[in-house]
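*Asks:* My questions all concern the structure below.
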Amino acid sequence: MKKLFVWGLLLLFFVLAVSGCTPPAAEKTGVDGQPPGEQQPGAGFPLMVEDHFGRQVEILQKPERIISLAPSNTELLFALGLDERIVGVTEYCNFPPEALAKPKAGSFSEPYLEQIVTLQPELIVASELAITAEKLQQLEELQLPILVLHPAGFEEVCQTLEMLGSVTGEEEAARQLIADMRARVDAVQEKLQQLPDTREKVRVYYQVYHDPLMTAGGTSIISEIIEMAGGKNVFADVGAAYPKISSEAVIERDPEIILFPHSHGTAEVPVAEIIDQPGWGTITALQAERIFGLDPDKISRPSPRLAGAVEELAKIFYPELWPDAR
């Protein structure tokens, strides 16, 4: 009963906050100098979109106050130039650096309901990986538009940007960003065509974690980016996104390049975790000293930075094609 009472107070507070207790429109303006939510001619509102949960979400007006509940969503929103309209992010939203200064509206899997109410959002962008059915229901009771997103690859990131461009009234920014991302990837693909036809794709192993030993399977974004950069993920045949594997399996598949996240959270990952694995001295990548630490967020988050990850990996895989990058 106490929990229901507290939740009821939250709802009451929210209703008051967005009605008679809000400042007059003349005192509260959006980034374009207009009152927040005021529909502009030709803006395309109201509109209906389907999120990645299959939910039909109606956006009545251009949202001027947006909360992101996932680091990847925060990157997508900032990339669309929505800095001034983002009023809340999670504690794990660390890119771009400007995101660190935003009010915190939750952790990765726990939205702060009281803070969300206080921030008076007009749109909440959640993640399928982080939001539970219970938390989603609680947010829906605030009667706010909530998009649940989970782009699972490069093209789905582009499609998600297109959706966000529509619901935020930034269609042109989305089109330009998508065009730039695809152009950068196309440039890499064109460069890779210079490789001899007899040249086999470089064999790549990505070590997600060392204890237990985990890698990026064929359904992961990491695997897709490796392939887009001209590499062959030696564990692409494994269906799980991030499966546990054996040390012997890595030796057997003999990667020519080993990639690993240079950190887990704030803890740096030492190269010794890879070099000191028993029996790995025969692996081609170790013999050739082709071991590379990467920014894990850049290669694993479904964000516009994936285009840069493709560029970075292609230069690692085939340095002869990019001599100036050495």
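The values are calculated or read from the model by the stated rules, or taken from the named source; none is laboratory data. This structure is a prediction, so every number in the text was calculated from the model and none was measured. Positions of Cβ are backbone-derived with ideal geometry, glycine not excepted, and every protein chain shown enters the neighbour counts.
*Asks:* Exactly one condition in (1) outside the structural domain of residue 108 (by TED's automatic domain parsing); (2) surrounded by 15 or more Cβ atoms within 10 Å (Cβ to Cβ) is not met by residue 186; state its number.
*Replies:* (2)
*Asks:* Also, I was wondering about something else. Does segment 226-239 contain at least one residue that is of a type outside the set (D, E, K, R), assigned to a helix (DSSP H, G or I) and in contact (Cβ under 8 Å) with a residue 40 or more places away in the chain?
*Replies:* Taking segment 226-239 and keeping what is of a type outside the set (D, E, K, R), we get 226, 228-231, 233-236, 238-239.
Among the residues that remain, those that are also assigned to a helix (DSSP H, G or I) are: 226, 228.
Restricting the remaining residues to those that are in contact (Cβ under 8 Å) with a residue 40 or more places away in the chain gives 226, 228.
Looking through segment 226-239, at least one residue is of a type outside the set (D, E, K, R), assigned to a helix (DSSP H, G or I) and in contact (Cβ under 8 Å) with a residue 40 or more places away in the chain.
*Asks:* If the requirement is being in contact with a Phe, Trp or Tyr (Cβ under 9 Å, 6 or more places away or on another chain) and closer than 24 Å to residue 304 by Cβ, which of these qualifies: 150, 210? Break it down stepwise before answering.
*Replies:* On the way: 210 fails: closer than 24 Å to residue 304 by Cβ.
Among 150, 210, only 150 is in contact with a Phe, Trp or Tyr (Cβ under 9 Å, 6 or more places away or on another chain) and closer than 24 Å to residue 304 by Cβ.
*Asks:* In segment 314-321, is there at least one residue being free of Cβ contacts under 8 Å to residues at least 24 places away in the same chain and surrounded by 13 or more Cβ atoms within 10 Å (Cβ to Cβ)?
*Replies:* yes
*Asks:* Counting only residues that are part of a helix (DSSP H, G or I) and either in contact (Cβ under 8 Å) with a residue 60 or more places away in the chain or buried (at least 16 other Cβ atoms within 10 Å of the Cβ) (or both), how many does segment 155-181 have?
*Replies:* So the first thing to find is which residues in segment 155-181 are part of a helix (DSSP H, G or I), and the list is 155-167, 171-181.
Okay, now just the ones that are also either in contact (Cβ under 8 Å) with a residue 60 or more places away in the chain or buried (at least 16 other Cβ atoms within 10 Å of the Cβ) (or both), so 156-158, 160-161, 163-167, 171, 173-174, 177-178, 180-181.
Residues flagged as part of a helix (DSSP H, G or I) and either in contact (Cβ under 8 Å) with a residue 60 or more places away in the chain or buried (at least 16 other Cβ atoms within 10 Å of the Cβ) (or both) within segment 155-181 amount to 17.
*Asks:* I'm checking my understanding of the structure. Among residues of segment 132-154 that are among the charged types (D, E, K, R) and free of Cβ contacts under 8 Å to residues at least 40 places away in the same chain, which one is nearest to residue 54 (Cα to Cα)?
*Replies:* Initial filter on segment 132-154 (among the charged types (D, E, K, R)): 134-135, 140-141.
Within this subset, residues satisfying the condition of being free of Cβ contacts under 8 Å to residues at least 40 places away in the same chain are 134-135, 140.
Numbers: 134: 17, 135: 17, 140: 15 Å.
Looking at residues that are among the charged types (D, E, K, R) and free of Cβ contacts under 8 Å to residues at least 40 places away in the same chain, I get 140.
*Asks:* Next question, about the same structure. Test of understanding: among 301, 203, 290, 199, which residue is crowded, with 22+ Cβ neighbours inside 10 Å and charged (D, E, K, R)? Can you show your working first?
*Replies:* On the way: 203 fails: crowded, with 22+ Cβ neighbours inside 10 Å; 290 fails: crowded, with 22+ Cβ neighbours inside 10 Å; 199 fails: crowded, with 22+ Cβ neighbours inside 10 Å.
The match here is 301.
*Asks:* Go through segment 190-227 and give me each residue that's polar (S, T, N, Q), closer than 22 Å to residue 242 by Cα and in contact with a helix residue (DSSP H, G or I) (Cβ under 7 Å, 6 or more places away or on another chain). Please lay out each step first, then the result.
*Replies:* Going residue by residue through segment 190-227, those that are polar (S, T, N, Q) are 193-194, 198, 207, 215, 219-220, 223.
Keeping just the survivors that are closer than 22 Å to residue 242 by Cα gives 207, 215, 219-220, 223.
Listed by number, the list holds a single entry, 207.
*Asks:* Sticking with this structure for a sec: Of the residues in segment 240-260, how many are among the charged types (D, E, K, R), within 22 Å of residue 315 (Cβ to Cβ) and part of a strand (DSSP E or B)? Give the steps one after another, and end with the answer.
*Replies:* From segment 240-260, those among the charged types (D, E, K, R) are 244, 248, 252-254, 256; that's our starting set.
Right, trim to within 22 Å of residue 315 (Cβ to Cβ) and you get 256.
If we keep only those that are part of a strand (DSSP E or B) as well, we get none.
Final tally of qualifying residues: 0.
*Asks:* Let me ask something else about it. Identify the residue in segment 242-278 that is surrounded by 17 or more Cβ atoms within 10 Å (Cβ to Cβ) and of a type in the set (A, V, I, L, M) and, among all such residues, is farthest from residue 92 (Cα to Cα).
*Replies:* 250
*Asks:* Got a sec? Which of 266, 168, 198 is modelled with pLDDT of 95 or more and either polar (S, T, N, Q) or not assigned by TED's automatic domain parsing to the domain that holds residue 311 (or both)? Break it down into steps so the answer makes sense when it comes.
*Replies:* Working: 266 fails: modelled with pLDDT of 95 or more; 198 fails: modelled with pLDDT of 95 or more.
After ruling out the rest, the residue left standing is 168.
*Asks:* Any chance you could count how many residues in segment 261-306 are among the hydroxyl-bearing types (Ser, Thr, Tyr), under 29 Å from the mean Cα position of the chain (by Cα) and either under 22 Å from residue 220 (Cβ atoms) or not in a loop (DSSP other than H, G, I, E, B) (or both)?
*Replies:* First pass over segment 261-306, keeping only residues among the hydroxyl-bearing types (Ser, Thr, Tyr): 263, 266, 282, 284, 300, 303.
Imposing the further condition that a residue be under 29 Å from the mean Cα position of the chain (by Cα) reduces the set to 263, 266, 300, 303.
Checking the rest, the ones that are also either under 22 Å from residue 220 (Cβ atoms) or not in a loop (DSSP other than H, G, I, E, B) (or both) come to 263, 300, 303.
Total meeting the criteria: 3.
Per-residue answers, yes or no, for (1) without any contact (Cβ under 8 Å) to a residue 60 or more places away in the chain; (2) in contact with a strand residue (DSSP E or B) (Cβ under 6 Å, 6 or more places away or on another chain); (3) surrounded by 18 or more Cβ atoms within 10 Å (Cβ to Cβ); (4) over 17 Å from residue 128 (Cβ atoms):
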position: 55; (1), (2), (3), (4): no, no, no, no
position: 67; (1), (2), (3), (4): yes, yes, yes, no
position: 71; (1), (2), (3), (4): no, no, yes, no
position: 74; (1), (2), (3), (4): yes, yes, yes, no
position: 86; (1), (2), (3), (4): yes, yes, yes, yes
position: 94; (1), (2), (3), (4): no, no, no, yes
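*Asks:* Let me ask something else about it. Can you pull out the residues in segment 104-149 that are surrounded by fewer than 16 Cβ atoms within 10 Å (Cβ to Cβ), closer than 17 Å to residue 74 by Cβ and among the acidic types (Asp, Glu)?
*Replies:* The answer is 110, 128.
*Asks:* Examine segment 92-99 for a residue that is among the charged types (D, E, K, R) and either not in a helix (DSSP H, G or I) or not assigned by TED's automatic domain parsing to the domain that holds residue 131 (or both), and state whether such a residue exists.
*Replies:* At the first step, the residues of segment 92-99 found to be among the charged types (D, E, K, R) are 98.
Those left that are additionally either not in a helix (DSSP H, G or I) or not assigned by TED's automatic domain parsing to the domain that holds residue 131 (or both): none.
No - not one qualifying residue is present in segment 92-99.
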